[in-house]
Amino acid sequence: MRLKIILALSVLSGLILSWNLHTMFLKVPDELNQGAIFRIIYFHVPSAITSFAGFFLAMFSSVGYLIKKDLRFDSVAASITEVSFAFTTITLITGSIWGRVIWGIWWTWDYRLTSFFICWLLYVGYLMLRRAIDDPTTRARLCAVLSIFACVDVVIVWKSIEWFRTQHPGPVLSIRSGGGMAPGMEAPIWWNFLALIMLATVLVLIRMRQEAMQREIDTMRRYAHAF
Amino acid sequence: MTFLQQALAIAGKDLRSEIRSKETVNASLSFALVILMLFSFAFDPGSDQVREISGGLLWLVYAFAGTLILNRSFARELVNDCLDALISSPASGAQVFFGKCLANYLLLMVVECVSFPVFIIFYNARWPARWGLLLLVMLLGTWGITVIGTLFSAMTVNLRLRELMLPTLVYPMLIPALLGAIRLSTVLIAGEALETDDQIWFKLLAGFDVIFTALSLALVEIVLVG
């Protein structure tokens, strides 16, 4: 059943992504001020939203672990965090490429960029902590706490665009403050978001399967050591 | 015993042990002086440039020196299984944590209060006119460093790579508080007027302290006991 879901989501995500590529390169015109490079937003913004959404889900799963003490919650949190971390990296890289063309620099220490980078570093710490602890229960417990702490930091990142003066462009999506993009130009962002969410789900499901196998191996190893 | 009495008993124990051995404060203070000295090679110590980055220098020194104190906070309890004894004592995890926080806070404030005049002398800066506000920034910023650092010290105490993991986890977590403290300290040391925008940094510092203190107190039992 899970394999079928993975296959179905992969195919659907692939189809939407291909159709989106066709729309964004052949149908949507160049942006008036930015030219062709503006199209990077179609991956930049959905990746950022996917990663944020993932970090929140990971936090809820971590809270779930702390309440239920079921290692499956931990593997969900770990899988989602790893995938979200990949999307954070994509956001940083696409943002950097856009910045090089529009601002003339690869990186600027604008507060939002800095906060996103901090977020990335926090989850580097999370992944490092996972590797540093051998005992599965201790690892799950401490990583759950770290995930909650890191997520609070993500909230500060999310709010920082309103708190601080910034060089980063203002919100362009229509759900926030009236929006700045034409409807035809905005639609592919949401389609890409859907496709990336499906892709992220596929990756999480595959990663969870690996975690389940790891748990099984750990149990067998403990069983073997007992004799 | 009330929550605070238990916490104060733990803090008293930590401070007494530190006053007798002086190992952490001495190391932290020497380290702060070494960093202050090293910075003088990175740029001209008497220039105007120093005034512009004074807050940053100061808080980097505090954060680096602070990690030494925080790293030892729980690690010193490993000898003779003292940590297990503390956990199984009538004091709750939150009380142990809060007591250690208070002790670390005092120790770090001592290091900061000693290294600040040294910074003023070494870098030819003027004593800030609004020193009361700067003290407030130091009190708020240091509590942020302490509360996060102490919790993460508890988290990493049993790890093989404890000394490596603590700074890796703590510094990114501290950046919002450090940003606020750096910005406010720079303005206050340079003697410039605080703009309306700067008030948000005070709120950020205070908010950071409140949020993470509450979160740490709620979760420390899980970290220490399970």
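The values are calculated or read from the model by the stated rules, or taken from the named source; none is laboratory data. Quick caveat, the model's predicted, so the values are computed rather than measured. Every residue, glycine among them, receives a Cβ derived from its backbone with ideal geometry; neighbour counts consider all protein chains shown. Keep in mind that these areas ignore ligands, DNA and RNA; they rest on the heavy atoms of the full protein, side chains included. Shrake-Rupley method; radii C 1.70, N 1.55, O 1.52, S 1.80 Å.
Identify, please: which residue in the stretch B:48-63 is free of Cβ contacts under 8 Å to residues at least 60 places away in the same chain and open to solvent by less than 80 Å² (accessible area, probe 1.4 Å) and is, among those, nearest to B:Asp198 (Cα to Cα)? Result: B:Leu60.
Residues that are surrounded by 15 or more Cβ atoms within 10 Å (Cβ to Cβ), of a type in the set (S, T, N, Q) and closer than 17 Å to A:Asn192 by Cα within the stretch A:10-39 comprise A:Ser10, A:Ser13, A:Asn20, A:Thr23, listed in sequence order. Considering only residues in the stretch A:147-156 that are within 7 Å of chain B (Cβ to nearest Cβ) and open to solvent by less than 10 Å² (accessible area, probe 1.4 Å), the one that is farthest from A:Met59 (Cα to Cα) turns out to be A:Asp153. What residue, of B:Leu184, B:Leu135, is open to solvent by less than 50 Å² (accessible area, probe 1.4 Å) and assigned to a helix (DSSP H, G or I)? Within the list B:Leu184, B:Leu135, the selection yields B:Leu184. Candidates A:Ile49, A:Ile67, A:Ile93: the one that is free of Cβ contacts under 8 Å to residues at least 12 places away in the same chain, closer than 19 Å to A:Phe193 by Cβ, assigned to a helix (DSSP H, G or I) and open to solvent by 10 Å² or more (accessible area, probe 1.4 Å) is A:Ile93.
Among the residues making up the stretch A:100-147, those that are in a helix (DSSP H, G or I) and charged (D, E, K, R) are A:Arg100, A:Arg112, A:Arg130, A:Arg131, A:Arg139, A:Arg141.
B:Leu174 falls short on exactly one of the conditions (1) more than 10 Å from chain A (Cβ to nearest Cβ); (2) within 18 Å of B:Leu58 (Cβ to Cβ); (3) aliphatic (A, V, I, L, M), and that condition is (1). Of the residues making up the stretch B:40-76, those that are part of a helix (DSSP H, G or I) and more than 30 Å from B:Met165 (Cβ to Cβ) are B:Ser40, B:Asp48, B:Gln49, B:Val50, B:Arg51, B:Glu52, B:Ser54.
For the structure I just gave you, tell me whether B:Leu166 is assigned to a helix (DSSP H, G or I), more than 8 Å from chain A (Cβ to nearest Cβ) and open to solvent by less than 30 Å² (accessible area, probe 1.4 Å). For B:Leu166, the condition - assigned to a helix (DSSP H, G or I), more than 8 Å from chain A (Cβ to nearest Cβ) and open to solvent by less than 30 Å² (accessible area, probe 1.4 Å) - is met. Only residues that are within 14 Å of chain A (Cβ to nearest Cβ) and either in contact with a strand residue (DSSP E or B) (Cβ under 6 Å, 6 or more places away or on another chain) or under 15 Å from B:Leu60 (Cβ atoms) (or both) were counted across the stretch B:120-148, and they come to 1.
Quick one: in the stretch B:149-162, of everything that is over 13 Å from B:Thr213 (Cβ atoms) and either away from chain A (no Cβ under 12 Å) or among the basic types (Lys, Arg) (or both), which residue is surrounded by the fewest Cβ atoms within 10 Å (Cβ to Cβ)? Among them, the one singled out is B:Arg160.
Every residue, every condition in (1) open to solvent by 40 Å² or more (accessible area, probe 1.4 Å); (2) touching a helix residue (DSSP H, G or I) at 6+ places or on another chain (Cβ under 7 Å); (3) farther than 30 Å from B:Trp201 by Cα, yes or no:
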residue: B:Ile10; (1), (2), (3): no, yes, yes
residue: B:Asp14; (1), (2), (3): no, yes, yes
residue: B:Ala32; (1), (2), (3): no, yes, no
residue: B:Gly46; (1), (2), (3): yes, no, no
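Out of the residues in the stretch B:203-226 meeting the condition of being away from chain A (no Cβ under 11 Å) and surrounded by fewer than 17 Cβ atoms within 10 Å (Cβ to Cβ), tell me which one is farthest from B:Gln95 (Cα to Cα). Within the stretch B:203-226, the match that is farthest from B:Gln95 (Cα to Cα) is B:Ala206.
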